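Following: one structure in structure tokens, then a few remarks.
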Amino acid sequence: MKLPWKKDVDAPSPATEEESPVAEETTGSGKGSAYTPGKGRPTPSRRQAQGRKRGPVTPAPTTRAEARARKKELKSTMTREEKRAAADDRRERRLKQREGMMAGDERYLLPRDQGPVRKFARDIVDSRRNLAGLFMPFAIVLIFFMFTPISVNYPMIMNIVLLLFVVVMIVDAVVLGRLVNRRVRERYPDSADGGFKLGWYSFSRAMQLRKMRAPRPQVSAGDPV
């Protein structure tokens, strides 16, 4: 029941009718009055923000002395735990590089060992029984006999044996170099790697004991290549 002295609360006032369009414009997007408009660009990540704080990147050292000085300066600011962690990391990298080189991985090989031609030459040497491989054992035996009475009593015999061994090694080196160059020309006719450099590379590998060769032999003695 409506009493005479009470106002009609259902009837909208003129002020309310005038303010309603503004309210609709403010709340039309579904966001409250505390809404802040966007910046128009993405928020930078933490790494980007820290990168801007660091300033310009220091150029790489141009000389070894500069690299050593920079490394020494960096070490002086590191704690004992950080130095130990850095040493462990360097040791792991060296072991990984060593294992990769011994396995013949191209990423870790020395420049002289890289390429399919050098790998093919190594396989030829490793599959062959080379007389040059006796150089180190013969040198050890020769040094031993030099400190015995035999070298004093029979110096001519020692000189003849040494001369014969040198001649045999030279002949074996020539045969091996010609063999490797011929096989490389057959397998890789367009390769510029060959001649004396490839022959010397093969002979220097043949002079090493099989277990001491790097990279590690991938074929056994007598295997066809």
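A few points about this structure:
- Helices (runs of 4 or more DSSP H) within segment 144-225 that include 3 or more residues among the hydroxyl-bearing types (Ser, Thr, Tyr), at pLDDT 90 or above and within 19 Å of Leu109 (Cβ to Cβ): 196-206
- Filtering segment 131-140 for residues that are in contact (Cβ under 8 Å) with a residue 12 or more places away in the chain, outside any helix (DSSP H, G or I) and farther than 24 Å from Gln114 by Cβ leaves an empty set.
- Look at segment 97-109: where a residue is free of Cβ contacts under 8 Å to residues at least 40 places away in the same chain and a partner is open to solvent by less than 80 Å² (accessible area, probe 1.4 Å) and not in a loop (DSSP other than H, G, I, E, B), sitting 6+ places away or on another chain with Cβ atoms under 8 Å, you get Arg107/Gly100; Tyr108/Gly100; Tyr108/Met101.
- Condition met for Val117 (surrounded by 17 or more Cβ atoms within 10 Å (Cβ to Cβ) and closer than 24 Å to Ser220 by Cβ): yes
- Selection status of Gly104, within 23 Å of the chain's Cα centre (by Cα) and open to solvent by less than 30 Å² (accessible area, probe 1.4 Å): yes
The values are calculated or read from the model by the stated rules, or taken from the named source; none is laboratory data. Just so it is clear, the model here is predicted, and its values are computed rather than measured. Note that we place each Cβ from the backbone using ideal geometry, even for glycine, and neighbour counts take in every protein chain shown. Ligands, DNA and RNA are excluded from the accessible area calculation, which covers all protein heavy atoms including side chains. Shrake-Rupley method; radii C 1.70, N 1.55, O 1.52, S 1.80 Å.
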